[in-house]
1. Across all directions of projection, what mean area in square nanometres is found for the Cα convex hull of the chain?
2. Expressed as an acute angle from 0 to 90° and rounded to the nearest 10, what is the orientation of the C-alpha long axis of helix 171-184 relative to the principal long axis of the chain?
3. Take the chain, connect every pair of alpha-carbon atoms lying under 10 Å apart with a spring to form a Gaussian network, then pick out the residue of S137, S95, S206 with the largest mean-square fluctuation.
4. Can you list, bin by bin at 10 Å, the percent of alpha carbon pairs in region 133-191, starting at 0?
5. What lysines does K280 reach when the alpha-carbon gap must be under 27 Å and sequence neighbours fewer than 8 apart in one chain are set aside?
6. Starting from the alpha-carbon convex hull of region 281-320, give the projected area averaged over all orientations, in nm².
7. Identify which of L150, L221, L187 has the largest mean-square fluctuation in a Gaussian network model of the chain, with springs joining Cα atoms closer than 10 Å.
8. Can you list the lysines whose alpha carbon is less than 22 Å from that of K184, not counting same-chain residues fewer than 8 positions off?
Amino acid sequence: MLLLAVATTLAVPQGLAQAGNRIRRVGIAFSSDPQTSRPYLDALVRGLEARGYRLDRDCVVEVRYAQGRPERYPAIIGELLAAGADVIVVGANSSVLAAKAATSALPIVMAGSLDPDVAGLVASLARPGGNVTGVSSMSADITAKRLQLLHELLPAASRVAYLTNPAVPGWERVTRDVESAGGKMALRVATVTASTPEEVDRALASLLGQRPDALLVGNALLFWTHRRRVIDFCAQHRVPASYAYGQAVREGGLTSYAADLEDTFRLAGGYVARILGGAKPADLPVEQPTRYELLINARTATALGIAIPDVLRARADVVD
């Protein structure tokens, strides 16, 4: 049943439909719930409007929500196709794979998918080929950068645990890059893995014996969906942690460095507009996000006895 995959349609005034204008339909598959996803939906609409597409004139959006359950993506994509979508917008790699499996003809726009060339979602970033293009995030470089920023926040740290999901394509390369970056900073990086919610709990429990100085949380969808488990564990056991999503910091996590997701969806809206205007996905190079956010939660830092260095405070958005 897809009762939890709530559908949202932004309606077009009846007069426009009767006037015979061709109203284009944009399908969107979000990984989370309507409340969490709303800012990103609004950002996508801004991207459309910046290129001349108005919801009350040119297009409507059909939205489905996986509610943190990636196994729902095939059914959700099927619903969007049945609703007559002209283009589908997806974020997580698992949703891109579900969309690719469902159609090789309908345009698919990525909004922040991880390493799409490494994961086989596109042929290359410059020449994506096929029916997929959009905005990607290069996880290896950004994760290594997060480790550097975590070390700047905790200069006395020497042991860092890296929580990663081995089910994500390319995770070995990211892990090697993180371990290499750690070595250059005289940090010992111990990798712990989890591919299911139950394994997340077991991986966190294993840290009690290791007692790392800090935790670097990977950017897999699993850790976004179950971020509350990680945040609560770190608060209970006083483990400083860096996250791949800013929302985790707004909910009590210590720090994050990540692409601004609203900006990512705004850029994705521009891709949708170009495709609705006749551009082919194969001819549109994949872009990188243009804005990254460094967030630090001041209350969490205080609770952990961490003094935020002035140089980081000057660069970061500090969440009270």
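1. 16.5
2. 40
3. S206
4. All Cα pairs considered, the percentages come to 23, 53, 20, 4, 0.
5. The qualifying lysines are K100.
6. 4.3
7. L187
8. Partners within reach: K145.
Quick note: the coordinates plus some simple rules give every number you see, no bench work behind them. Note that the structure is predicted; figures quoted are calculated from it, not measured. Neighbour counts are summed over all protein chains in view; Cβ atoms, including those assigned to glycine, are modelled from backbone coordinates with ideal geometry.
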